[in-house]
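Take a look at the structure set out below.
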Amino acid sequence: MDSTQNVITELKKMFETYDNIVFFGGAGVSTESGIPDFRSVDGLYNQQYAYPPERILSHSFYRAKPEEFYRFYRNKMLCLGALPNDAHRKLAQLEQQGKVQAVITQNIDGLHQAAGSKNVLELHGSIHRNYCEHCGEMYDAHFIAQSEGIPKCTKCGGPLKPDVVLYEEGLDDKTVNAAIHHIQTAQVLIIGGTSLAVYPAAGLINYFQGDKIVVINMSSTPRDSIADLLIAAPIGEVFRQL
């Protein structure tokens, strides 16, 4: 049995032993569903956009150049054909079994809910919620995808804004407090598919006081040195073997 199989066996034992497990995930959870990590810059991206993604997805850019924001947003962020992968599905199954108490995600794609997870805390919001900045009317992601230019409210004509946390915007206090509660009270914290480079979300890990930390990520993270179990493999592949 190789080292990968050994750590998978250890992870299985944790799920058998503990009933209060919290999952904290990032973009790597959804890349196996075909959703690209927008932080990685490819040739096509360079040809299409004159600004780095972090600038386009900032509050100030959204205000200053909303048409260019929505051109990028529709093309890169609205991956509406994506389906949950093995990681999403297994986490939902483990929640149903009473093992996983919460999924805390930095992703905005809604794939955890699509897989069946109920207690999902979306730190950065969701593409599936969009609201009129004038009257508050809500719209789904398909409405945004099918619109052109700056999407407008059909009731009052006001501009629509995705309910996602842009750079320069703060996280939702209620969501953050719920995430802190779950991390503080968890027996096991599984960190998956995230390099823990985006703050303040990554700082929530500091609240963990439980027994075991598991890190599942292809590249190194700042928490590797304190992990009780470190798995450098695609997260869907890991969960497929549980």
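The values are calculated or read from the model by the stated rules, or taken from the named source; none is laboratory data. Since this is a predicted model, take the numbers as computed values, not measurements. Positions of Cβ are backbone-derived with ideal geometry, glycine not excepted, and every protein chain shown enters the neighbour counts. In case anyone asks, the SASA skips ligands and DNA or RNA and just uses the protein heavy atoms, side chains included. Shrake-Rupley method; radii C 1.70, N 1.55, O 1.52, S 1.80 Å.
In the chain, carbon and sulfur make up what percent of the accessible area (probe 1.4 Å)? Result for the chain: 48 percent of the exposed heavy-atom area is carbon or sulfur.
Under a Cβ-only charge scheme (Lys and Arg +1, Asp and Glu -1), can you give me the dipole magnitude of the chain about the Cα centre, in debye to the nearest 20?
Here the size comes out at about 300 debye.
For Q209 and A233, the FRET efficiency from 1/(1 + (r/R0)^6), where r spans their Cβ atoms and R0 equals 22 Å, is about 0.20. In this structure segment 129-192 gives 51 Å² per residue of accessible area when probed at 1.4 Å with all protein chains present. Comparing Cα centroids, segment 94-120 and segment 168-235 end up 15 angstrom apart.
Under 1.5 on a/c is rounded, so check that first for the chain, then, if it is not, pick prolate when a/b is larger than b/c and oblate when it is not; a ≥ b ≥ c are the square roots of the alpha carbon gyration tensor eigenvalues.
Working: a/c = 2.04, a/b = 1.77, b/c = 1.16.
Judged from the Cα gyration tensor, the chain comes out prolate (a/c at least 1.5, a/b above b/c).
How big is the antiparallel share of DSSP beta bridges in the chain, given as a percent to the nearest 5? Beta bridges within the chain, antiparallel portion: roughly 25 percent. When the C-alpha to C-alpha distance is required to be over 32 Å, the pairs from K90/K174; K76/K155; K161/K212; K12/K118; K76/K152 that qualify are K161/K212. The shape of segment 86-223 comes out prolate: with a ≥ b ≥ c from the C-alpha gyration tensor, a/c is at least 1.5 and a/b beats b/c. You can think of it this way: the chain between L80 and N6 has 23.0 nm of extra reach, that is 0.36 nm per residue less the Cα-Cα gap.
Rank T105, L78, Y207 by how far each Cα sits towards the positive end of the charge dipole of the chain (+1 on Lys, Arg Cβ; -1 on Asp, Glu Cβ) and give me just the farthest. Positive-most Cα among the choices belongs to L78.
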